[in-house]
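Q: Here's a structure for you.
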Amino acid sequence: MRSALQVKTIGLIVNPVAGMGGAVGLKGTDGKTILSKAISLGAKPIAPAKAESFLSELHLVQRSLRLAVGAGSMGEDEAKNCDFTFTILGERKRVTTAEDTREIAKRMADAGANLLVFCGGDGTARDMLKAVGTALPVLGVPTGVKMHSAVFAVSPQAAARVVLRFLMGELPLREAEVMDVDEKAFREGRLSAELYGFVLTPYEPHLIQGNKLASPMTESELRNQAAIALYVIESMQPDVVYILGPGTTTRTVGDLLDVKKTLLGVDLFCNKTIVASDVNEKQILQAIRGKSAQIIVTPIGGQGFIFGRGNQQISAKVIHQVGLDNIVVVATESKLSSLKGSLKVDTGDSNLDSAFRARKLRVVTDYKIEYLLPVE
């Protein structure tokens with residue numbers, strides 16, 4: 001029998017610029033220069049909407065919650081839009097910084113919050129680590145481009161369920177890795193990830209994502225990738241635009257075609273040659289307008305996400321235009337074994353996510369070997 005939910009205090013911090021670099025192909029928004037570039041390319045804020053999706057799931061129990069929020073766009077505006085009562089920490093600013101995030105987090109810890117929820121990516125997770133360490137449990141609502149850390153729920157809705165179960169005493173805490181990558185190296189096609197430390201996070205294995213696992217570069221793995229790539233190439237149809245997501249398995253398609261596919265970007269292929277490299281959402285939509293297209297993606301090792309993590313250029317708009325029947329997932333046998341029998345999506349479009357969960361997707365795991373996997 002569940003215990004009654006006692007009044008608890010949740011701290012909410014929103015990084016208003018988190019994730020803005022994704023759809024425009026910038027792979028992050030760390031630093032003023034990159035943020036300015038993202039805005040110039042037409043990037044729009046995504047964190048506020050995801051924060052509101054998280055809060056809306058808590059509406060039925062809001063009388064049992066005391067909400068402390070960052071000022072202005074760092075939580076106050078989102079809480080107000082969702083009709084929550086709240087205490088404001090910090091000062092409203094037109095432009096917010098990582099230092100603002102860390103200062104508000106420290107104040108929430110000092111005020112005795114039971115749980116600190118942040119909306120952001122790996123950079124914001126690092127701010128939480130620096131501000132509160134293991135003194136206060138934290139939980140990430142995934143809104144960034146880079147989310148390698150093990151502190152994030154799989155979606156805003158899942159984050160709300162974790163909060164409820166944790167506050168009712170149903171979930172334990174565990175030490176979770178805070179990881180981040182060098183964004184400059186990331187944009188140059190090099191993945192340089194570093195472990196920064198650990199924070200305490202409520203643990204629910206179906207609702208909290210694991211940290212990203214790199215593909216093992218063994219001879220067997222490389223042969224498996226080559227076999228998958230050969231099958232993909234043989235299956236390519238004339239005049240169809242193929243949207244290839246990031247990853248070593250998809251890059252092998254380019255290798256076998258003797259063209260240079262980016263490792264960490266999204267590239268377009270047609271008639272077995274690359275026609276555009278490292279494209280953003282706008283470029284993809286222009287390229288596939290009025291044409292047949294397919295999307296080829298590989299899951300993130302250890303997490304299982306095929307959309308919404310590191311490939312936000314393949315947006316909900318792109319997926320709608322291509323169609324769910326024209327999505328092919330490629331995964332080596334070793335990666336498949338880490339997925340625990342299912343895939344994950346977090347497109348930012350709840351209706352689209354539900355449509356994914358209502359079907360199984362085709363997964364190519366070797367030459368002419370395919371499985372159908374459900375989507376969580």
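The values are calculated or read from the model by the stated rules, or taken from the named source; none is laboratory data. This structure is a prediction, so every number in the text was calculated from the model and none was measured. We place every Cβ from the backbone using ideal geometry, glycine too, and count neighbours over all the protein chains shown.
Q: Would segment 161-174 turn up any residue that is at pLDDT below 95, outside any helix (DSSP H, G or I) and touching a Gly at 6+ places or on another chain (Cβ under 6 Å)?
A: Within segment 161-174 (the criterion being at pLDDT below 95, outside any helix (DSSP H, G or I) and touching a Gly at 6+ places or on another chain (Cβ under 6 Å)), the answer is no, since none of the residues qualifies.
Q: Taking segment 260-312 only, how many residues are in contact with a helix residue (DSSP H, G or I) (Cβ under 9 Å, 6 or more places away or on another chain), in a loop (DSSP other than H, G, I, E, B) and more than 25 Å from residue 349 (Cβ to Cβ)?
A: 5
Q: Restricting to segment 329-374, give me the number of residues that are in a strand (DSSP E or B), in contact with a helix residue (DSSP H, G or I) (Cβ under 6 Å, 6 or more places away or on another chain) and over 20 Å from residue 313 (Cα atoms).
A: Residues in segment 329-374 being in a strand (DSSP E or B), in contact with a helix residue (DSSP H, G or I) (Cβ under 6 Å, 6 or more places away or on another chain) and over 20 Å from residue 313 (Cα atoms): 3 in total.
Q: Please work out if residue 231 is hydroxyl-bearing (Ser, Thr, Tyr) and part of a strand (DSSP E or B).
A: On the way: hydroxyl-bearing (Ser, Thr, Tyr): yes; part of a strand (DSSP E or B): no.
Judged against the criteria, residue 231 is not a match.
Q: Within segment 279-299, track down each residue that is touching a strand residue (DSSP E or B) at 6+ places or on another chain (Cβ under 8 Å) and surrounded by 19 or more Cβ atoms within 10 Å (Cβ to Cβ). Break it down stepwise before answering.
A: Here is the first cut: in segment 279-299, the residues touching a strand residue (DSSP E or B) at 6+ places or on another chain (Cβ under 8 Å) are 279, 283-284, 287-288, 291-299.
Scanning segment 279-299 gives 279, 284, 288, 293, 294, 295, 296, 297, 298, 299.
Q: Still on this structure: Filter segment 330-346 down to the residues that are closer than 25 Å to residue 208 by Cβ and surrounded by 15 or more Cβ atoms within 10 Å (Cβ to Cβ) and list them by number.
A: Correct list: 331, 332, 334, 335, 336, 338, 339, 342, 343, 344, 345, 346.
Q: If you don't mind, there's one more thing I want to ask. Quick check on my filter: what residues within segment 300-329 are buried (at least 24 other Cβ atoms within 10 Å of the Cβ) and basic (Lys, Arg)?
A: Scanning segment 300-329 gives a single hit, 309.
Q: Let me ask something else. I'd like to know if segment 97-108 contains one or more residues that are at positive phi and buried (at least 21 other Cβ atoms within 10 Å of the Cβ).
A: The answer is no; no qualifying residue exists.
Here is a yes/no grid of residues against (1) within 28 Å of residue 366 (Cβ to Cβ); (2) modelled with pLDDT of 90 or more; (3) more than 22 Å from the chain's Cα centre (by Cα):
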{"position": "180", "(1), (2), (3)": "no, no, no"}
{"position": "201", "(1), (2), (3)": "no, yes, no"}
{"position": "210", "(1), (2), (3)": "yes, no, no"}
{"position": "215", "(1), (2), (3)": "yes, no, no"}
{"position": "225", "(1), (2), (3)": "yes, yes, yes"}
{"position": "270", "(1), (2), (3)": "yes, yes, yes"}
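Q: Only one of these is over 17 Å from the mean Cα position of the chain (by Cα) and crowded, with 22+ Cβ neighbours inside 10 Å: 145, 151, 132. Name it. Reasoning before the result, please.
A: On the way: 145 fails: over 17 Å from the mean Cα position of the chain (by Cα); 151 fails: over 17 Å from the mean Cα position of the chain (by Cα).
Just one listed residue meets the conditions, 132.
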